[in-house]
Amino acid sequence: MSVNVIYYQNRAKMMRPVTSREQYLALRDSEQQKRLLAAVRGGDTKAKTRLLQMNYSCLPGADGALKGCRTPSRSVGMDIDLKAPDNLSPEERQAWLDQEMARVPERVLSLQDELGLLLLERSATKGYHLVFRRRTQLSQEENLRWASSLLGVAFDSGAKDITRVFFTTTAGKGELLFLDDELFDNAPVEAGQPQCEAGAENSLPPTAVPAPVEAGDRSAKGGAPRSEPLNYQGIAYSDIIDKYWELFNGGKTPSEGDRNALTFELALALRCICDYSLEKLLQVIPNYWAASGDEANGNEANGNAETAAKDTEEWRRTIENALHEPRRGMPYRLRQVLQALKTSAVATALGGTATTPPPLPAKLPPLIDLLTSNVPPLYKPAVASAVFPALGAHLHGVKFRYWDNVEHEATFMNILIGGQSIGKGSIRKPIEYIMDDIRQRDIPNRRREAEWKQKNPPAKQKREPRPDDICIQMLIDNLTDAVFNLRVVDAHNNGQRFIYTQVDEIEALKKITSRGTLDEVGLLIRKAFDNSLAGQERVGVDAVSGIAPLRWNFNASTTPPNARRFFAKMINDGTVSRLDIATIVPPADSDDSAPVLGIYDHRFATALKPYIDRLEAASGLIECSQSRKLSLQLREENSVAARLYDSEAYRVLSYRANVIAWLKGMVLYVAQGCRWDRTIADFVRWSQQYNLWCKMLYFGRQLERELSEESEIQRQSGPQNLLDLLPDEFGGEQYRQLRQRLGRPGDGDSTLRSWANRRYIVFDRMMGRYCKTDEYKHKYGRAL
């Protein structure tokens, strides 16, 4: 039948299928749905527009857009809007309404078999929504009139279009009255079903078969036959093909000169998700020969018929040749494509798109509004995220209690990722003004420390004790272990304060300690987020000794390739999940000019001072019930989204993204004089979505892959066959990383040669990857 959940992309309504009762109930029964429904029933009519929306009467087009959908599903959604006669008194109207509200569900349920009932729910206001099996010989409006006549109730005449959406209520007993699992069979109607808007006549004969797919016309001719799904696991084949060319051909479709080789590669990749069926592949894969012919001739009808026939035969033969190749399971390229599409779907769920992050709320908390006031709109999200390490450094001796009763401090480690010369420096001035008071306090402390060193050189036998009240919070990016640990201990002993670092390039973080390694940076990040003990113990009299909780906030910038390279071995150990990631993604039509910043002056500093003073004055344990409630709600929504999009990476990253966003809300709460308002709540929600969007964009694909491999390893029992733990296609680096995780010594090249000599694997030079042979999979598999 059909049930599709509505979401927004670039302000356009999009839709994606819901494929199980579990997903459907989880979407309906979120805390946000319950809260919004209560508000609607309480008289808040505006809250209705924020309820979850569903469509039950059509299937998404190739681009997933709701607008313009012309393919009816096998079910029909019907809106019963009860309206009392105008000639009744208010008391009589209420009595009539109460009677009808009780009569309609009894009538519908008593005729459920004859109607073909799939769903019955109470609407958000006065009435019901029901979904029933489509009568394929009738148009949309005729189906509604038939059901209306059968039930003896009027349907909403404004809801006769197949693209009509319904505002969903909850899964409560009094809201969801009937639900049949058949509703989640999202196949299209059978051939011969009307394919037009409501009321239109059937334009295809019952025996119509779609023509071969031509490039650029998949919306009309693409996809599988009407009786088969148009997608693979909810993903349109056209989207899979578009993403394939984006990843492996620079976004260009095959053309004369390469269309044979590229179509062959595409067919090799897609055949495993098309049941190795020639008929389905011919429906799915565009005819790039026909597209070239159209360009050359101007019009298909004017082209040479004989040439067109040869081109079509060549297209068909190329796909047949791909089918004749030995089967090797799901190719690595296809896995990458599906993973990229999953990541894009998650990005959309977070309020952005595959290339555009979630937009800032229209109304910001006053402090964030001030700090972002002097930068262009493109840079505001990055600045809104990047200011929190500096703001958090002003809190000392302050703890916040999370919903799980674990106490946290204002720890923020922000990484701004963006292309070269894109304007990452726009965050400097706001941070400079935030940190100005700490910088001024550090000046006399640095002078006192220098004087003490001058009076007490290392060769001096009787040295004066170093003053205990020296505390320097702002650190440069070139330190020794001793200096770093000394600053940590001093900050703790002088009011449990934070130390702070700002670097222009993330590589500079390696100079924070003497070791200068990525492993040390990752360890410090993990310790800092949890405020774990750090320091050193030395026996020597002159050696620096001391242990204290690590309170270290920092800002760093880098480019996407450097970010992936820097954190390549820290994706799955909890390091990246502890970071607050921001980015700058310019729109496609933007120019290359540098950002024009506003003026930072005394007026800006004066406006900022009250917020900084409140942060400095705070102390002790601070709690906020509204913040706690919001974090619990976000946790539940994240859990539902992770299941809906089948994304383990999203689930893992969402845990600490929620904590980071909640901490930002608490900092703003303190800065506003311990006052919570809607602007903070909206900013916290956006901050979590934005952080998750950035992490999924830059690290999501690698994390999904590593989590999948980790799960596969954990499923093994007894002696482990290394080749069996690898996918059917794998790269050399993937093989070496697995060996390393399993503790195998050496580079393993001899093992690869041995597998190749025994015909367990072959090397695919075109893909640059090793492939398990059918002989290995059939004869040995997991038995070695």
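The values are calculated or read from the model by the stated rules, or taken from the named source; none is laboratory data. Small disclaimer: the values here were computed from a predicted structure and weren't measured. As a convention, Cβ positions derive from the backbone with ideal geometry for all residues, glycine included, and neighbour counts pool all protein chains shown. All accessible areas refer to the heavy atoms of the entire protein, side chains included, with ligands and DNA or RNA removed. Shrake-Rupley method; radii C 1.70, N 1.55, O 1.52, S 1.80 Å.
Evaluate the following for Asp436: is it within 23 Å of Phe529 (Cβ to Cβ), open to solvent by 10 Å² or more (accessible area, probe 1.4 Å) and of a type outside the set (Phe, Trp, Tyr)? Working first, answer last.
Details: within 23 Å of Phe529 (Cβ to Cβ): no; open to solvent by 10 Å² or more (accessible area, probe 1.4 Å): yes; of a type outside the set (Phe, Trp, Tyr): yes.
The answer is no for Asp436.
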(request) Would you be able to tell me the number of residues in the stretch 463-487 that are part of a loop (DSSP other than H, G, I, E, B), out of contact with any Gly (no Cβ under 8 Å at 6 or more places or on another chain) and not polar (S, T, N, Q)? (result) 12
(message) Can you report the number of residues in the stretch 133-151 which are open to solvent by 50 Å² or more (accessible area, probe 1.4 Å) and modelled with pLDDT of 80 or more?
(response) 6
(request) Run Ala563 past the list (1) surrounded by fewer than 18 Cβ atoms within 10 Å (Cβ to Cβ); (2) small (Gly, Ala, Ser); (3) out of contact with any Gly (no Cβ under 7 Å at 6 or more places or on another chain); (4) over 19 Å from Arg685 (Cβ atoms) and report the number of the one that doesn't hold. (result) (1)
(request) Could you please give the count of residues in the stretch 509-536 that are hydrophobic (A, V, I, L, M, F, W, C) and touching a residue at least 40 places away in the same chain (Cβ under 8 Å)? (result) 6
(message) Six or more apart or on different chains, Cβ atoms under 7 Å: show the pairs whose first residue is in the stretch 299-326 and closer than 12 Å to Thr263 by Cβ and whose second is open to solvent by 60 Å² or more (accessible area, probe 1.4 Å) and modelled with pLDDT of 80 or more.
(response) Thr318/Asn260
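Would you mind stating whether Gly43 is part of a loop (DSSP other than H, G, I, E, B), open to solvent by 40 Å² or more (accessible area, probe 1.4 Å) and either at pLDDT 80 or above or polar (S, T, N, Q) (or both)? Give the steps one after another, and end with the answer.
Working: part of a loop (DSSP other than H, G, I, E, B): yes; open to solvent by 40 Å² or more (accessible area, probe 1.4 Å): yes; either at pLDDT 80 or above or polar (S, T, N, Q) (or both): yes.
Yes: the conditions hold for Gly43.
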(request) Sort out which residues of the stretch 101-122 are free of Cβ contacts under 8 Å to residues at least 24 places away in the same chain, open to solvent by less than 60 Å² (accessible area, probe 1.4 Å) and either within 22 Å of Leu37 (Cα to Cα) or in a helix (DSSP H, G or I) (or both), and write them in order of number. (result) Ala102
(request) Only residues that are modelled with pLDDT of 95 or more and of a type in the set (D, E, K, R): list them for the stretch 485-500, please. (result) Arg497
(request) Please tell me if Leu364 is open to solvent by 10 Å² or more (accessible area, probe 1.4 Å), closer than 22 Å to Thr679 by Cα and assigned to a loop (DSSP other than H, G, I, E, B). (result) yes
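For the stretch 16-28, check the following and say yes or no: at least one residue is free of Cβ contacts under 8 Å to residues at least 40 places away in the same chain, open to solvent by 20 Å² or more (accessible area, probe 1.4 Å), part of a helix (DSSP H, G or I) and aliphatic (A, V, I, L, M).
The initial filter retains those residues of the stretch 16-28 that are free of Cβ contacts under 8 Å to residues at least 40 places away in the same chain, namely none.
No, the conditions are met nowhere in the stretch 16-28.
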(message) Take the conditions modelled with pLDDT of 85 or more, open to solvent by 60 Å² or more (accessible area, probe 1.4 Å) and small (Gly, Ala, Ser) and apply them to Ser157. Does it pass?
(response) no
(message) Pull out all pairs, ordered by first then second residue, where Cβ-Cβ is under 6 Å, the residues are six or more apart or on different chains, the first lies in the stretch 554-577 and is under 16 Å from Asp477 (Cβ atoms), and the second is assigned to a helix (DSSP H, G or I) and open to solvent by 20 Å² or more (accessible area, probe 1.4 Å).
(response) Ser557/Lys424
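Does Asn202 satisfy the condition of being farther than 22 Å from Glu314 by Cα, at pLDDT below 60, crowded, with 16+ Cβ neighbours inside 10 Å and of a type in the set (S, T, N, Q)?
Yes.
Quick check: is even one residue across the stretch 50-73 within 27 Å of Glu636 (Cβ to Cβ), out of contact with any strand residue (DSSP E or B) (no Cβ under 8 Å at 6 or more places or on another chain) and assigned to a helix (DSSP H, G or I)? Break it down into steps so the answer makes sense when it comes.
Narrowing the stretch 50-73 to residues within 27 Å of Glu636 (Cβ to Cβ): 50-56, 60, 64, 66.
With the extra rule that they be out of contact with any strand residue (DSSP E or B) (no Cβ under 8 Å at 6 or more places or on another chain), the set shrinks to 50.
Then keep just the ones that are assigned to a helix (DSSP H, G or I); that gives 50.
Taking every residue of the stretch 50-73 in turn, at least one turns out to be within 27 Å of Glu636 (Cβ to Cβ), out of contact with any strand residue (DSSP E or B) (no Cβ under 8 Å at 6 or more places or on another chain) and assigned to a helix (DSSP H, G or I).
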